[in-house]
Amino acid sequence: MLRMPRDNALAERSAVDIETALRDFGHWIDKALEFVGNRYGIGVVDRSCLELLAARPQGSAPGEIAENLRLSVGEARALVSRLVRRGYARRERDPADPDRITVHAEFGNPDVMAIVRARRVLMDDLKRNFDPAEIEVIARHAAHVASIHPARLIEEIEREIAAGMDR
């Protein structure tokens, strides 16, 4: 599928090349998300929810979805309703406790399978092309970036610019 030769010059990039590669990667992600959004009519959060549900065959409660996607429970319930209306997810009531609902990805829907498999293909490619030590560094960087709230980052930068600081 996707193959990167091990002797590729990517391993020898300078700091400037790393910045270029990360910027290009960011643009690629933007384009991929835009494509998925246009093709399937879903946004980033909807896709993230589908990927979360697909990774949990036992399903997830709306509260778990909210926690994992950093949403309020109300936002998670609205998200689930959108996915159910589109046929991308289904709700299942607990027979022992009718107030308890579990949400599952609708694996019979080919759109769901395409959306979910796209990330799986990229993850499999990562595992094929990088050794465990390299993957650990990539994972550490990804976790660090994911820990930064985008709005807080932009607000901090705006304050620094207003104060005349150069980043």
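Please treat every number below as a calculation from the coordinates, not as lab data. Please read all numbers here as calculations on a predicted model, not as lab measurements. Note that we place each Cβ from the backbone using ideal geometry, even for glycine, and neighbour counts take in every protein chain shown.
Within region 70-109, the set of residues being under 21 Å from the mean Cα position of the chain (by Cα) and of a type in the set (A, V, I, L, M) comprises L71, V73, A76, A78, L79, V80, L83, V84, A89, V103, A105. Of all the listed residues (A118, A96), the sole one being surrounded by 12 or more Cβ atoms within 10 Å (Cβ to Cβ) and on the phi < 0 side of the Ramachandran plot is A118.
Of the residues R128, R159, the single one that is in contact (Cβ under 8 Å) with a residue 60 or more places away in the chain and of a type in the set (K, R) is R128. Does region 148-167 hold any residues that are of a type in the set (K, R) and either under 29 Å from L69 (Cα atoms) or surrounded by 10 or more Cβ atoms within 10 Å (Cβ to Cβ) (or both), and which are they? Answer for region 148-167, where residues must be of a type in the set (K, R) and either under 29 Å from L69 (Cα atoms) or surrounded by 10 or more Cβ atoms within 10 Å (Cβ to Cβ) (or both): R152, R159. Within region 68-91, the set of residues being outside any helix (DSSP H, G or I) and aliphatic (A, V, I, L, M) comprises L71, A89. Within region 117-167, the set of residues being of a type in the set (V, I, T) and not in a helix (DSSP H, G or I) comprises I148 only.
Residues in region 42-67 that are part of a helix (DSSP H, G or I), more than 11 Å from the chain's Cα centre (by Cα) and without any contact (Cβ under 8 Å) to a residue 24 or more places away in the chain: G63, E64, A66, E67. Taken as a whole, region 129-143 holds no residue that is among the aromatic types (F, W, Y), under 26 Å from L50 (Cα atoms) and surrounded by 11 or more Cβ atoms within 10 Å (Cβ to Cβ).
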